[in-house]
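The values are calculated or read from the model by the stated rules, or taken from the named source; none is laboratory data. On a predicted model such as this, the values are computed, not experimentally measured, just so you know. Glycine gets a Cβ as well: all are built from the backbone with ideal geometry, and neighbour counts include every protein chain shown.
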Amino acid sequence: MSARGGKKRCKAVSKSAKAGVLFPVGRIGRYLRKSTHHFRIGAGAPVYMAAVIEYLTAEILELAGNAARDTKKGRVTPRHILLAIANDDELHQLLRGVTIASGGVLPRILPELLARKKGNKFIMPSPKHQSPTVNVIIPPPKAKPVNKPVPPPPPKKAVTAASKKQTAPLLPSAPTPLKDKGRSAKGKDAAGGELSHSSVTVLSEKKLFLGQKLTVIQGDVASVTADAAIHPTNANFSLSGEVGQVLDKVGGKEFQQEVKELLASHGPLESSGVAICPGHHFPAKHVLHCHVPPASGANAAELLEKCVR
């Protein structure tokens, strides 16, 4: 109270402080009323909008900080923000049409095409382990058909009694029952070659940011039709695991030779590293050998996420 009996003036509190957000609620409300003057803007609309923008900003900054830490940088750049948005499926779908200034472009280079440093020398991968190219064969133009003279029909011969006996219709025999080929086909339909639902169980699916779909299944991996099969292994491309034994048994000596040549050209796999080689004698076109980190490690989750990317 003052000497004249008036109330003491309190310090002005902003709408952002009242709402508990950092972004300016009053300014956002003013922008909403200015651009949409013919609509009725409620008092809670700028508060909700400021809270959503603040949450998205914090989420993107956290992912960008992780990207900067992975690249051993101490400052977050627009490039890190672009990579952070691209690595998150929800943010990539939300901000697909947004252009980030000085962010660059998304890389689409397969890791097996990059040179690996072995000692003090850079070793280029052998062309045998690169992705196969598709050769398009253009057929030559067809020549116009030439009308040939039609020869006269041969004279008809008299039909003898013996020929009449041969042309008599045969009695239809009883149809033989077909055997069920569902079990002997190992989960595949004999006509179409597709997987049956009883042989493979889908445990989980994940869609990556470049459009690939990663599916974890339970079943015979040698009978699954896919672009690539994932083989969890160690640094020396060992085939002693459960998946490796199946691929080794079905692929045979040709697949073993591919793995040996890949080890000779690529060298040992680093932790969470990936290498690719063609498949043999099974529907999968390629095999991705992944050096999966042990689950007991301190940063096992980060290394596993890096391996999936």
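Starting from residues that are assigned to a helix (DSSP H, G or I) and within 16 Å of ILE276 (Cβ to Cβ), keep the ones in region 225-253 and report whichever is farthest from the chain's Cα centre (by Cα).
The qualifying residue farthest from the chain's Cα centre (by Cα) is GLY251.
At least 2 residues being touching a Gly at 6+ places or on another chain (Cβ under 6 Å) is the threshold, and among the helices (runs of 4 or more DSSP H) wholly inside region 34-107 those reaching it are 78-87.
Remark: pairs (first residue in region 259-282, of a type in the set (S, T, N, Q) and buried (at least 17 other Cβ atoms within 10 Å of the Cβ); second residue at pLDDT below 90 and part of a loop (DSSP other than H, G, I, E, B); Cβ separation under 7 Å; 6+ apart in sequence or on different chains) = SER265/PRO125; SER265/SER126; SER272/PRO293. Confirm whether ALA43 is surrounded by 11 or more Cβ atoms within 10 Å (Cβ to Cβ) and touching a helix residue (DSSP H, G or I) at 6+ places or on another chain (Cβ under 9 Å). No.
Looking only at residues in region 284-309 that are assigned to a loop (DSSP other than H, G, I, E, B), at pLDDT below 85 and in contact with a helix residue (DSSP H, G or I) (Cβ under 9 Å, 6 or more places away or on another chain), the one that is farthest from SER240 (Cα to Cα) is ARG309.
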